[in-house]
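Single-structure report; data block below.
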Amino acid sequence: MSKHNDELFKQVVSHAKEYGFVFPSSEIYDGLSAVYDYGQLGAELKNNLKTYWWKSMVQMHENIVGIDSAIFMHPKVWKASGHVDGFNDPMIDNKDSKKRYRADQLIEDKIARYQKDGKTEKAEALQQEMDAALEGDNLAALKEIIEKHEIVCPVSGTRNWTDVRQFNLMFATRMGAMAEGSDEVYLRPETAQGIFVNFLNVQKSGRMKIPFGIAQIGKAFRNEVIARQFIMRMREFEQMEMQFFVKPGTEMEWYAYWKEARLKWHKAMGIPAEKYRYHDHSKLAHYANAAVDIEFDFPFGFKEVEGIHSRTDFDLSQHQEHSGKKLQYFDSEMNQNYVPYVIETSIGLDRLFLLTLCSAYEEQDLSTDERTDSRTVLHIHPALAPVKAAILPLTKKDGLPEKAREIMNRLKVDHYVQYDEKDSIGKRYRRQDAIGTPFCITIDHQTLEDQMVTIRHRDSMEQERVAIADLDRMIADLVSWKNLLS
Ligand code: GAP
């Protein structure tokens, strides 16, 4: 991370806390590693991001429906899905610092250092060595690489390593009132399996015809060995996933469709195209026949935000085998039963949230020849902004607060709006800029005479006089989902 971006990232993290977007979990007890709470504005922004996804994926597609499955699932689900045996990270401990690391990430950091030092060939060779070791699940080879390249513990600075071991990322807990004799259940590590096990329920009750999709938004839990970069890698996070069931043989067509559609969805938020890129997977998971990540240019570099995977018939076939229940679709055109193939789109809500904050955050210098001035502004798309409008009486007297409350009471039925009468109007504008409020509505003495207010636009800072009678329609138009979903 360059110094500039490092600084920007720190500013975004502290801004998120200062203005009530994100807090460390249980902060009064010094926090809980890689767990975060969303504050009063964070919860609003998160809800708006969910709505944007839900509207575009479910409401805008006649052949996609949404569900909300439970976090706890039968333990056999995770055996069938491969998570019990294969959802592991290779980990290594440093005996001096007692710190635990993901072996592959230690090696990746070394590759990045080689690249930074201009040792491109060495970096490429190391990448190949690591890929081969990971592909063959060769833990001894990973340890050898760490030793050969003299990788040291970032904390102790020593090379006193344990062997590399597999570490399952699922959290387990016990179900039932009595701990003894009760069954072990897992906190789901992805929401996708809740969709697969409900495939037939939804298909039959919704009379769905292939191709069709099932979407859901929900919490997922992973005992990440190392958690870093704020809400980027958490132990409790939220996913927005959609499984699209297709006729076998048509999956590559649909894969191409969703790959393009999902990137278009991201760009519609008004974020410059160059901030995104695809990363096609060359090494595929055993169940996939194509996979791509949509990566975003965070202040710490390009990182995955969303994955699009062609998962073949792996999941449904596995559940069919492990449950003994048929999970097939009768295709009336072909007069044939088959296990559908699946294209998955899976986006991390918390990463989307971080992406939104990072791309929206700007420190603007507004200095003129006469005076120095600046503001911190969040350029969040109006449809996604936590607060849509601030209602600001110019003074606390002369009937202005009453008029402002009257306007507020009308607007709050449809929009989340804030009333603020404290401090100078300039300070109040700055406070709203800092939380991304797109419109400030000022009520002044003239308002009482002509029933007009001033609307100040966040990004341009331009002001216009508007009739109170037109306010409802105007705000509704400006923050409409239509501006994102056309
Ligand atoms: N069902 C497929 C699946 O879960 P994944 O690539 O492991 O695939 C999908 O996860 C998305 O979930 C990622 O692209 C990322 O945005 C998000 N995600 C995964 N692990 C995460 C974590 N520990 N913290 C925050 N988001 C995470």
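Rule-based calculations on the coordinates, nothing more; no lab input. None of these values were measured; they are calculated from a predicted model. Ideal geometry is used to build each Cβ from the backbone, glycine not excepted, and the neighbour counts take in all protein chains shown.
When a/c is below 1.5 the answer is rounded, else prolate if a/b is larger than b/c, else oblate, so apply that to the range 264-386 with a ≥ b ≥ c taken from the square roots of the Cα gyration tensor eigenvalues.
Working: a/c = 3.83, a/b = 3.00, b/c = 1.28.
Prolate is the answer for the range 264-386, as a/c is 1.5 or above and a/b outweighs b/c.
Helix 349-360 sits at what angle to the longest principal axis of the chain, using alpha carbons and giving 0 to 90 degrees rounded to 10?
Roughly 50 degrees between the two axes.
If you take every residue apart from Met175 with its C-beta less than 10 Å away from the C-beta of Met175, what net charge results, scoring Lys and Arg +1 and Asp and Glu -1? Numbers along the way, then the final one.
Working: positive: Arg174; negative: Asp183, Glu184.
Summing Lys/Arg as +1 and Asp/Glu as -1 gives -1.
Report, in degrees rounded to the nearest 10, the 0 to 90 angle that the Cα long axis of helix 120-135 makes with the longest principal axis of the chain.
Long axis of 120-135 versus the principal axis of the chain: about 60 degrees.
Using only Cα atoms, tell me the angle between helix 139-148 and the longest principal axis of the chain; keep it within 0 to 90° and round to the nearest 10.
Its long axis makes an angle of about 70 degrees.
With θ taken as phi - 60° and the coefficients 6.51, -1.76 and 1.60, list the Karplus ³J(HN,Hα) couplings across the range 186-200 in order, rounded to whole Hz; mark glycine and proline as x.
With coefficients 6.51, -1.76 and 1.60, one gets 10, 7, 4, x, 7, 7, 3, 5, x, 7, 4, 6, 9, 3, 6 Hz.
List the residues, sorted by chain then number, that are 5 or more residues from Phe212 or on another chain and whose placed amide H is less than 5 Å from its amide H.
Placed amide hydrogens put Phe245 under 5 Å from Phe212.
Run through the range 358-434 and list the trypsin sites (Lys or Arg not before Pro) located in a DSSP loop whose Cβ has at most 16 other Cβ atoms within 10 Å. Please list the in-between numbers first.
Working: sites: Arg371, Arg375, Lys388, Lys396, Lys397, Lys403, Arg405, Arg410, Lys412, Lys422, Lys427, Arg428, Arg430, Arg431; in loops: Arg371, Lys388, Lys396, Lys397, Lys412, Lys422.
Hits after loop and neighbour filter: Arg371, Lys396, Lys397, Lys412, Lys422.
Would you pull out the residues with amide H under 5 Å of Phe167's amide H, same chain only if 5 or more places away, H placed 1.01 Å from N?
Here the answer is Asp89, Met91, since their amide H atoms fall under 5 Å of that of Phe167.
Let me check I have the definition right: for the chain, take the eigenvalues of the Cα gyration tensor, multiply each by 5, take square roots. What are those semi-axes in whole Å, largest first?
Values: eigenvalues 393, 197, 89 Å².
Equivalent ellipsoid semi-axes, largest first: 44, 31, 21 Å.
Looking at the range 88-168 from every direction and averaging, what is the projected area of its Cα convex hull in nm²?
Averaging across all directions leaves 4.8 nm² for the Cα convex hull.
As an exercise, use a Förster radius of 56 Å and the Cβ-Cβ distance of Asp331 and Asp163 to find the FRET efficiency, rounded to the nearest 0.05. Can you show the working numbers first?
Values: r = 51 Å, r/R0 = 0.91.
Result of the calculation: an efficiency of 0.65.
So what's the back-of-envelope 222 nm ellipticity for the chain, counting only DSSP H runs of four-plus at -39500 (n - 2.57) apiece and dividing by all residues, rounded to 500? Display every interim value, and only then the final one.
On the way: 17 runs with 175 residues, N = 486.
One gets -10500 deg cm²/dmol as the mean residue ellipticity at 222 nm.
At Asp280 and Ala125, where each label point lies 7 Å from the Cα along Cα→Cβ, what is the point-to-point distance in nanometres?
2.9 nm
Just how large is the dipole of the range 374-485 about the Cα centre, in debye to the nearest 20, putting +1 at every Lys and Arg Cβ and -1 at every Asp and Glu Cβ? Walk me through the intermediate numbers first.
Details: 18 positive and 17 negative charges, 91 e Å.
So the dipole magnitude of the range 374-485 works out to roughly 440 debye.
If each of Ala132 and Met252 carries a label point 7 Å out from its Cα toward its Cβ, how far apart are those two points in nm?
Each label point is offset 7 Å from its Cα along the Cβ direction, giving 3.0 nm.
Quick one: what are the phi-derived ³J(HN,Hα) couplings along the range 201-218, Karplus 6.51/-1.76/1.60 with θ = phi - 60°, whole Hz, x for glycine and proline?
4, 6, 4, 6, 5, x, 6, 7, 10, 5, x, 8, x, 10, 10, 7, 10, x
Please work out, to two decimal places, the log10 of the ratio I(q)/I(0) at q = 0.19, 0.28 Å⁻¹ from a Debye calculation in which every Cα of the range 240-292 carries one identical scatterer.
The Cα Debye sum returns log10 ratios of -0.80, -1.24.
Once phi is turned into θ = phi - 60°, what whole-Hz ³J(HN,Hα) does the Karplus curve with 6.51, -1.76 and 1.60 give for every residue of the range 64-76, x standing for Gly and Pro?
10, 10, x, 10, 9, 8, 6, 5, 7, 9, 4, x, 5
Suppose every K and R has +1 on its Cβ and every D and E has -1 on its Cβ; what is the size of the dipole of the chain about the Cα centre, in Debye to the nearest 20? Present the calculation step by step, with values, prior to reporting the outcome.
Details: 64 positive and 75 negative charges, 145 e Å.
Value, rounded to 20: 700 debye.
Tally Lys and Arg at +1 and Asp and Glu at -1 over the other residues with C-beta under 11 Å from the C-beta of Gly218: what net charge comes out? Show your work: numbers first, answer last.
Numbers: positive: Lys50, Arg188, Lys219; negative: Asp68, Glu190, Glu238, Glu241.
Taking every other residue near Gly218 into account, the sum is -1.
DSSP loop (so not H, G, I, E, B), at most 15 other Cβ within 10 Å: list which GluC sites (Glu not before Pro) in the range 386-462 pass both filters. Walk me through the numbers on the way to the answer.
Numbers: sites: Glu402, Glu406, Glu421, Glu449, Glu462; in loops: Glu421, Glu462.
Listed in order of number, the matching sites are Glu462.
Just add up the charged neighbours of Phe23: K/R +1, D/E -1, any other residue whose Cβ is under 12 Å from the Cβ of Phe23. Working shown, then result.
Working: positive: Lys17; negative: Glu18, Glu27, Asp37.
Its environment carries a net charge of -2.
For the range 183-221, which trypsin sites (Lys or Arg not before Pro) are both in a DSSP coil and crowded by at most 15 other Cβ atoms within 10 Å?
Details: sites: Lys204, Arg207, Lys209, Lys219; in loops: Arg207, Lys209.
Counting only loop positions with at most 15 other Cβ atoms within 10 Å, the trypsin sites (Lys or Arg not before Pro) in the range 183-221 are Arg207, Lys209.
Collect residues whose amide H, placed 1.01 Å from N in the peptide plane, falls under 5 Å from the amide H of Gly399; neighbours closer than 5 in sequence don't count.
Correct list: empty.
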